[in-house]
Structure formats: structure tokens, C-alpha cells
Amino acid sequence: MTTLARWARAEWGALFAAVRGPLAERRWRAVPMAVTAVCLTAVLHLVHHQAWGYRFVQDVGGVRAADPLWVALLRTPLSLFVPALDLPVWGALAQILLVFGIAELCLGWWRTLALAYAATLAGTLYARLGIGLGPDAPLGLPASDRWVVDTGPSAAVVGLAVFLGWLYRAWVTASVVVVAMVVEVVLKENLAGKEHLAAIVAVLMLCALGAPRQRRSRDRAGSGSGAPPIQSWKARRGPTQRRSWW
């Protein structure tokens, strides 16, 4: 086995093993939430580009920092599936199918949606904080950003990728995602890039909160091999037990 192959196995072996079984057995039926999300995004994209549908999509899924907070919170869940106007829709569809699909196989559909929403909400709330701080503050934003339409799955995708990297010990992959987002902010300082960083910070906080429980789970399983905690837990659960990693 070559050095590259050994590295790939160490980096992605546990994640690949978690995904391969359900996907090989059930194929697309193993990721119903991800497939539904792709279809919903495609439909919203088509409606959004109709003269009669643009205002409707903005009213149900378009988030701006200028909106009242309660309105933004109501629109945020659907905003994940409204493609950003300045990006090709196929990019949003590919991100959702790949990252949401892998996360659904590893975490289950409702945990995937919960993490995706948490990451997106972190970005939405950061935008309000940054505008309140003003452009002169290190984490601040210009007042004009309050009118920027904030939609798309990118913050959720970044958050899920970092979380899966942490959970399955794919440290290089998670680090590359974080570094790429930092570079994005340095080269192109915009609202979307800073919201991605806010999403990463929120997910890392969840990882830090879950780390003690993961260590206890690994210790109870007697695993000293460094395998992901979720793998150790799966090895000792019964066939009727529900999947859990909290």
C-alpha cells in the first residue's frame, strides 16, 4: 500500500465505512432527506426565476439583517434551500446532495437538519452583530450589508463538513475546510465569507461540548485504538437501539 493510500485510509476510512453499508444496501432510499432537499432547492430555484414567484420565494426564504429578528428566524430554515442569486444552482444542488447525504447516512436526517440549521442560524445572527459593531471593528460589517439577501446552503455545508471531520477524525479534511474559509475572508471580505466562519465557530463549540461524552463513550467501550467514538458505540449497541452521538 502506497503512502498516499495509507493516508487516505487513515483520513477517510472510518467515514467511508459508515457511508458504504447503508448506501450499498438501499442506494438513494438511504438518503431520503438529502434527495428531498435537492428537489426542494431545484423547485425553489425555478419558482424564484419566474416573474410571479420571485416575491413569494423572497417572502418565505429570503433573509436580510434589515428584517425584524422574528421574521428572519421564521425564514431561516427555508433559506437553506433557496440558492444564492450570485452562484450557479448546480453548485447548491451538488453541495446538498453530497454533504447532506453523507451527514444523513452518518447522523440521521433530523440531526443533520439540526446541525445545518444551527450553522445557518449562527451566520444569520452574526450578520446582525457585525452590522451593530460597524465596519471599524475587527468583526464588524458595513451598514450596507443589512440589505444583502442571505440564502443558500453554504454555511450549513461548511458546518456539517467540519463536524463530520471532527466526529470521524478526518482532521486534515476539517482543517482544509476551515483554512479555505479563512482564505475566502482574507481575499474576498464579504458577508458570506464571515458567515461561514461564524458557522464554523458554532459547530466547533458543539464539538467541544460533545467531546467529554465522546471520550466517556470510548472509554466505556474499551477502545484504545483511536477509532471514532461513534464507531465504538455502534459496536456495542443492540440491533433495536437508536443511533445517538449526543
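Quick notes on this one:
- Subset of segment 119-148 that is of a type in the set (Val, Ile, Thr) and touching a Leu at 6+ places or on another chain (Cβ under 7 Å) - its residue that is farthest from His48 (Cα to Cα): Ile131
- Taking the numbered list (1) within 28 Å of Tyr54 (Cβ to Cβ); (2) crowded, with 17+ Cβ neighbours inside 10 Å in turn, Ala103 passes all entries but (1).
- Pairs with Cβ under 8 Å, 6+ apart, first in segment 202-221 and modelled with pLDDT of 70 or more, second in a helix (DSSP H, G or I) and not hydrophobic (A, V, I, L, M, F, W, C): Ala202/Gly159; Val203/Gly159
- Among the residues here, Ala5 qualifies as over 18 Å from the mean Cα position of the chain (by Cα), assigned to a helix (DSSP H, G or I) and surrounded by fewer than 19 Cβ atoms within 10 Å (Cβ to Cβ).
- Single unsatisfied condition, Val183 versus (1) in contact with a helix residue (DSSP H, G or I) (Cβ under 8 Å, 6 or more places away or on another chain); (2) under 23 Å from Pro83 (Cα atoms); (3) not basic (Lys, Arg): (1)
- Scanning segment 172-214 for residues that are among the basic types (Lys, Arg) and assigned to a helix (DSSP H, G or I) gives Lys194, Arg213.
- Residue match in segment 27-36 (condition: in a helix (DSSP H, G or I), of a type in the set (S, T, N, Q) and touching a residue at least 24 places away in the same chain (Cβ under 8 Å)): no
- For segment 125-136, the criterion of being over 19 Å from Leu15 (Cα atoms), buried (at least 17 other Cβ atoms within 10 Å of the Cβ) and of a type in the set (Phe, Trp, Tyr) is satisfied by at least one residue.
- Single condition Gly108 does not satisfy, out of (1) in contact with a Gly (Cβ under 9 Å, 6 or more places away or on another chain); (2) more than 20 Å from Trp12 (Cβ to Cβ); (3) touching a residue at least 24 places away in the same chain (Cβ under 8 Å): (1)
- Of Ala72, Ala84, all but one fail to be in contact with a strand residue (DSSP E or B) (Cβ under 8 Å, 6 or more places away or on another chain) and small (Gly, Ala, Ser); the exception is Ala72.
- Residues of segment 47-101 satisfying the condition of being under 19 Å from the mean Cα position of the chain (by Cα) and of a type in the set (Val, Ile, Thr): Val63, Thr76, Val82, Val89, Ile96, Val99
- Only one entry of Gly159, Gly165, Gly130, Gly108 meets the criterion of being within 12 Å of His196 (Cβ to Cβ) and either at pLDDT below 95 or not hydrophobic (A, V, I, L, M, F, W, C) (or both), and that entry is Gly159.
- Subset of segment 149-159 (residues that are of a type in the set (A, V, I, L, M, F, W, C) and out of contact with any Leu (no Cβ under 6 Å at 6 or more places or on another chain)): Val149, Ala155, Val157, Val158
- The listed residue being charged (D, E, K, R) and closer than 23 Å to Ala17 by Cβ, out of Arg146, Arg169: Arg169
- Checked against (1) out of contact with any helix residue (DSSP H, G or I) (no Cβ under 8 Å at 6 or more places or on another chain); (2) crowded, with 24+ Cβ neighbours inside 10 Å; (3) of a type in the set (A, V, I, L, M), Val157 passes all but condition (1).
- Residues that are exposed (fewer than 14 other Cβ atoms within 10 Å of the Cβ) and within 22 Å of Ala119 (Cβ to Cβ) within segment 37-59 comprise just one, Cys39.
The values are calculated or read from the model by the stated rules, or taken from the named source; none is laboratory data. In this text the structure is predicted, and so the values were computed from the model without any measurement. Every residue, glycine as well, gets a Cβ built from its backbone with ideal geometry; the counts of neighbours run over all protein chains shown.
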